Amino acid sequence: MQITKFSVATTENVKKGDNWEKETEWHNVVTFNKQAQFVADFLDKGSKVYIEGRIKTSSWEDDNGQKKYKTEVIGNTVKSLDKKQTEENKSGNVPF
């Protein structure tokens, strides 16, 4: 089973007082099997992507007994939004 883990940034403009500011949030993404192969073969740092999937939150206790949480997007569908990628592979994705 192939697995890829990577981060995706989403940015939006938010009005703060009289000014508009960009806010960026980072999301951890995990893909499996054919989607993982697509990510490994065709996506690079900075690639624009469309991801469809589900959210999964895991929890555990660290060595000090504190509860820790990790939230990930399980990517069921990953599509490249980069022009070069879509020209090379018209579908731009590999479904499960």
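The values are calculated or read from the model by the stated rules, or taken from the named source; none is laboratory data. Here the structure is a predicted model, which is why all the values come from computation and not from measurement. Glycine gets a Cβ as well: all are built from the backbone with ideal geometry, and neighbour counts include every protein chain shown.
Residues in the range 23-44 that are surrounded by fewer than 18 Cβ atoms within 10 Å (Cβ to Cβ) and closer than 26 Å to residue 69 by Cα: 23, 24, 25, 26, 27, 28, 30, 32, 33. Each residue in the range 16-26 was checked for being touching a strand residue (DSSP E or B) at 6+ places or on another chain (Cβ under 8 Å) and over 21 Å from residue 78 (Cα atoms), and 4 of them qualify. All told, residue 47 falls short of being exposed (fewer than 15 other Cβ atoms within 10 Å of the Cβ) and of a type in the set (S, T, N, Q). The residues in the range 66-82 that are at pLDDT 95 or above and outside any strand (DSSP E or B) can be counted, and the count is 1.
Scanning the range 1-35 for residues that are of a type in the set (Asp, Glu) and under 22 Å from residue 56 (Cβ atoms) yields a count of 1.
Within the range 55-78, the residues that satisfy the criterion of being within 17 Å of residue 7 (Cβ to Cβ) and either among the hydrophobic types (A, V, I, L, M, F, W, C) or surrounded by fewer than 14 Cβ atoms within 10 Å (Cβ to Cβ) (or both) are 55, 56, 57, 58, 69, 70, 71, 73, 74, 78.
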